[in-house]
Amino acid sequence: MKIDLSGKVALVTGASRGIGRETGIQLAKAGAKVIINYNKSKEKAGEVKDEITKSGNEAEIFQADVSNPEEVGELFAFIRDKYNKLDILVNNAGIIKDNLLLAMKLSDWDKVFDTNLRGAFLCTKQAAEMMMANHAGKIINISSIGAIRGGRGQTNYASAKGGLISFTRACAVEMAGKGIRINAVLPGMIATDMSSRSIKRAGDRILERIPANRYGNPSDIANVVVFLASDNADYITGQAISVDGGMSIS
Ligand code: NAP
């Protein structure tokens, strides 16, 4: 199956590193013009843009904290000015601030919700408005199997990512008649900066819980996102798709 996204404009939030980085690169390989959003890692975002443009595709970088409404407004104003449309949004930006419930600071609860859930709300609202004008669009929310498994020290993260699945379903119902498809992808344990400490700490104990017997790569997630962003996925909406080597069913 060939996926052709030429002529499409895609925004990937949190695309300077990890899963977002690879997703931006894969969307561009499929032909999309990609906006690489980042928050703090300007240099790394620039490297992603270079990698995309070197292979003959188009990319822009744009700094915005997805939890900040003014900065999200500026990001979408840039997209409107430059492309006057948006076909694909990947709400990928995310953080963890793990701690056991009794030690969890309210500020760490709020910060995780602000980035993982409020950020997706702010970006989806702006994107949906642009997509409705063309009666078409694909939104992919990067949740986590942490939302359906629970995990020690992750009451904040699990709740925010669970909220993101519910948000996906509610949006999908509202937006289906407008030609917009919205799905969630739930990664398992993917080797990135975010998971590096857990992988180092728990090592083989985590591997034993993954039937596929390996950690995921960012490309395992990007491949599914690119499919969901394509016309091949036109009849899929409101779904929460685990991409985890079987971790969530073991
Ligand atoms: P990562 O390597 O830590 O990268 C996180 C990315 O998010 C960075 O590009 C970072 O940008 C960006 N970001 C953070 N806060 C932001 C903000 N306020 N505004 C804009 N961008 C922001 O993480 P990852 O592992 O690739 O995770 C990507 C997504 O997958 C997250 O939503 C995460 O929860 C989810 N996920 C990951 C795993 C896993 O095992 N890795 C498992 C399940 C779900 P800057 O560096 O520029 O600040």
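Taking the conditions exactly as written (touching a residue at least 60 places away in the same chain (Cβ under 8 Å), away from the ligand (no atom under 13 Å from the Cβ) and within 26 Å of residue 143 (Cβ to Cβ)), does residue 79 satisfy them or not?
Yes.
Out of the residues in the stretch 194-212 that are more than 21 Å from residue 95 (Cβ to Cβ) and either more than 16 Å from the ligand (Cβ to nearest atom) or of a type in the set (Ser, Thr, Tyr) (or both), state the one that is modelled with the highest pLDDT. Don't jump to the end; show me each part of the working.
Let us first name the residues in the stretch 194-212 that are more than 21 Å from residue 95 (Cβ to Cβ), namely 203-205, 207-212.
Checking the rest, the ones that are also either more than 16 Å from the ligand (Cβ to nearest atom) or of a type in the set (Ser, Thr, Tyr) (or both) come to 204, 208, 211.
Working: 204: 81, 208: 93, 211: 97.
Applying the filter and picking the extreme gives 211.
Determine which member of the set 156, 183 is in contact (Cβ under 8 Å) with a residue 12 or more places away in the chain, more than 10 Å from the ligand (Cβ to nearest atom) and in contact with a Phe, Trp or Tyr (Cβ under 9 Å, 6 or more places away or on another chain). Write out each step before concluding.
Numbers: 183 fails: in contact with a Phe, Trp or Tyr (Cβ under 9 Å, 6 or more places away or on another chain).
Just a single option satisfies the conditions, and that option is 156.
Mind telling me which of the residues 7, 56, 31 ends up being assigned to a loop (DSSP other than H, G, I, E, B), without any contact (Cβ under 8 Å) to a residue 12 or more places away in the chain and either buried (at least 16 other Cβ atoms within 10 Å of the Cβ) or more than 14 Å from the ligand (Cβ to nearest atom) (or both)? Steps first, answer last, please.
On the way: 7 fails: without any contact (Cβ under 8 Å) to a residue 12 or more places away in the chain; 31 fails: without any contact (Cβ under 8 Å) to a residue 12 or more places away in the chain.
On inspection, the qualifying residue turns out to be 56.
Between a residue in the stretch 15-28 that is over 12 Å from residue 47 (Cα atoms) and any residue that is among the aromatic types (Phe, Trp, Tyr), which pairs come within a Cβ distance under 9 Å, given they are 6 or more apart or on different chains?
20/38
Scanning the stretch 101-124 for residues that are without any contact (Cβ under 8 Å) to a residue 12 or more places away in the chain and away from the ligand (no atom under 14 Å from the Cβ), which turns out nearest to the chain's Cα centre (by Cα)? Step through it out loud before you land on a result.
First, pick out the residues of the stretch 101-124 that are without any contact (Cβ under 8 Å) to a residue 12 or more places away in the chain: 102-103, 105-107, 110.
So of that shortlist, the ones also away from the ligand (no atom under 14 Å from the Cβ) come out as 102-103, 105-107.
Details: 102: 29, 103: 28, 105: 25, 106: 25, 107: 23 Å.
So, considering only residues that are without any contact (Cβ under 8 Å) to a residue 12 or more places away in the chain and away from the ligand (no atom under 14 Å from the Cβ), the one nearest to the chain's Cα centre (by Cα) is 107.
Any chance the stretch 15-29 includes a residue that's over 16 Å from the mean Cα position of the chain (by Cα) and at pLDDT 95 or above? Outline the logic, then answer.
Just the residues of the stretch 15-29 that are over 16 Å from the mean Cα position of the chain (by Cα), to begin with: 29.
Remaining after also requiring at pLDDT 95 or above: 29.
Within the stretch 15-29, one or more residues are over 16 Å from the mean Cα position of the chain (by Cα) and at pLDDT 95 or above.
Can you name every residue in the stretch 213-228 that is within 16 Å of the ligand (Cβ to nearest atom) and either without any contact (Cβ under 8 Å) to a residue 24 or more places away in the chain or under 18 Å from residue 24 (Cα atoms) (or both)?
Scanning the stretch 213-228 gives 216, 217, 218, 219, 220, 221, 222, 223, 224, 225, 226, 228.
With (1) in contact with a strand residue (DSSP E or B) (Cβ under 8 Å, 6 or more places away or on another chain); (2) among the acidic types (Asp, Glu); (3) away from the ligand (no atom under 15 Å from the Cβ) as the list, and residue 174 as the residue in question, which single condition is left unmet?
Condition (1) is where residue 174 drops out.
Please go through the stretch 190-199 and give me each residue that is in contact (Cβ under 8 Å) with a residue 40 or more places away in the chain and either assigned to a strand (DSSP E or B) or over 16 Å from the mean Cα position of the chain (by Cα) (or both), ordered by number. Outline the logic, then answer.
Residues of the stretch 190-199 in contact (Cβ under 8 Å) with a residue 40 or more places away in the chain: 190, 192-194.
Hit for the stretch 190-199 is 190, nothing else.
Residue 141 is checked against (1) closer than 24 Å to residue 233 by Cα; (2) surrounded by fewer than 24 Cβ atoms within 10 Å (Cβ to Cβ) and fails just one. What number does that condition carry?
(2)
The values are calculated or read from the model by the stated rules, or taken from the named source; none is laboratory data. All values reported here derive from a predicted model rather than from experimental measurement. Note that we place each Cβ from the backbone using ideal geometry, even for glycine, and neighbour counts take in every protein chain shown.
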